């Protein structure tokens with residue numbers, strides 16, 4: 001299995017050993033009710049992020065996510081993820097580090113938009129829909 005496919009499979013919770021084959025997979029999707037819009041459920045901190053210079057800016061905090069639970073706000077800047085500067089990680093790798101298993105916590109060093117203070121906050125990863 002190519003490396004990209006192996007990585008994607010491991011992120012989905014499906015473990016596939018190098019050189020192994022698991023055969024066909026069937027994914028059952030929950031039907032939507034009449035008039036209901038489909039939703040995507042993911043596990044993360046519940047924030048929309050954008051790259052800004054050497055950090056990530058929170059563009060929007062989603063209700064029900066870990067970011068909302070710990071008081072993060074739109075405009076807050078994420079400077080480090082688990083102690084590693086976002087500038088070293090790059091946007092894609094920083095976002096991958098922010099994502100993780102449900103119930104786990106990610107340590108973010110944040111500069112607050114309201115007063116410019118910098119501090120570390122532990123943000124829980126929870127399932128949320130958008």
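The values are calculated or read from the model by the stated rules, or taken from the named source; none is laboratory data. These figures come from a predicted structure and were not determined experimentally. Here Cβ is always computed from backbone atoms with ideal geometry, including for glycine, and neighbour counts include all displayed protein chains.
At a glance:
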| read-out | value |
| --- | --- |
| Count of region 26-49 residues which are free of Cβ contacts under 8 Å to residues at least 24 places away in the same chain, surrounded by 10 or more Cβ atoms within 10 Å (Cβ to Cβ) and closer than 30 Å to residue 75 by Cβ | 1 |
| Residues of region 114-130 satisfying the condition of being part of a strand (DSSP E or B) and either without any contact (Cβ under 8 Å) to a residue 60 or more places away in the chain or over 21 Å from residue 86 (Cα atoms) (or both) | 118, 119, 120, 121, 122, 126, 127, 128, 129 |
| Listing of strands (runs of 3 or more DSSP E) fully contained in region 30-104 that carry 2 or more residues being out of contact with any helix residue (DSSP H, G or I) (no Cβ under 8 Å at 6 or more places or on another chain) and modelled with pLDDT of 90 or more | 47-52, 55-61 |
